[in-house]
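Laboratory data are not the source of any read-out in this text; all were calculated from the coordinates shown. None of these values were measured; they are calculated from a predicted model. Positions of Cβ are backbone-derived with ideal geometry, glycine not excepted, and every protein chain shown enters the neighbour counts.
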Amino acid sequence: MFGHTMRLAVSACAVLGASAVLADDKAAVEFEEAVAVYGPGIFPAITRLVRCGDYRVLVVYAAGTDLLFLDKLVPADNESTLAATDGLSFAELNYYEASNRIERVSCEKSGPRELRIAGSAFDGQENERFEFSIVVDTVERSYTYARTGD
């Protein structure tokens, strides 16, 4: 399971421009063959983006499930644009076998080093809606996750 999860997270990070050490591995299948075999849905697509101070929360659709990421934004190109650094993935939502559809996500800065992410999602495997909340310590790059039924 870990191998699939790691490849999926690294692929999503690579597509989103976040740094990933393993992202430069060559694909085992050519683009045309991958689309022919798996369909266009295997390629990540950003479906939601929420700004939260110097951070952004991304919902990415990849391989049949929604994934949730947090990136820190820093000035780039002579401070005319922003670049994503220090990406964080949430293992409780971002695993290979998941079949989640994130329906709502919000983020607010709740302290000098704390962000609160909240949302609702539909678990396609369990056929149930649930709410989730994540408290992120931006300095330690750690978080606490909680899930409740709807």
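Can you give the Kirkwood hydrodynamic radius of region 35-137 from its Cα pairs, in Å with one decimal? If you can, show how the numbers build up before the last one.
On the way: mean 1/r = 0.0679 Å⁻¹.
The Cα-based Kirkwood calculation yields 14.7 Å.
If neighbour count is taken as other Cβ atoms inside 10 Å, put VAL135, VAL57 in order from fewest to most.
Details: VAL135 16, VAL57 24.
Least to most surrounded, the residues fall as VAL135, VAL57.
If you rank ASP77, ASP123, ASP71 by fewest surrounding Cβ atoms within 10 Å, what's the result? Mind dumping the intermediate values first?
Values: ASP77 8, ASP123 16, ASP71 22.
In order of increasing Cβ crowding within 10 Å: ASP77, ASP123, ASP71.
State, to one decimal in nm, how far the label point of GLU140 lies from the label point of ARG116, with both points 7 Å from Cα in the Cβ direction.
The two pseudo-label positions are separated by 1.8 nm.
How far apart, in nm, are two points set 7 Å out from the Cα along the Cα-to-Cβ line at ILE46 and at GLU97?
3.1 nm
With no solvent and one equal point scatterer placed on each C-alpha of region 82-150, evaluate the Debye formula and give log10 I(q)/I(0) for q = 0.13, 0.18, 0.25 Å⁻¹, two decimals.
-0.41, -0.74, -1.19
Estimate the FRET efficiency between ASN78 and GLU128 by the formula 1/(1 + (r/R0)^6), using the beta-carbon distance for r and 41 Å for R0, to the nearest 0.05. Can you show the working numbers first?
Values: r = 49 Å, r/R0 = 1.19.
For R0 = 41 Å, the calculated efficiency reads 0.25.
Mind checking the dipole of region 65-150: about its Cα centre, +1 per Lys or Arg Cβ, -1 per Asp or Glu Cβ, Debye to the nearest 20?
Values: 9 positive and 17 negative charges, 39 e Å.
Charge dipole of region 65-150: 180 debye, to the nearest 20.
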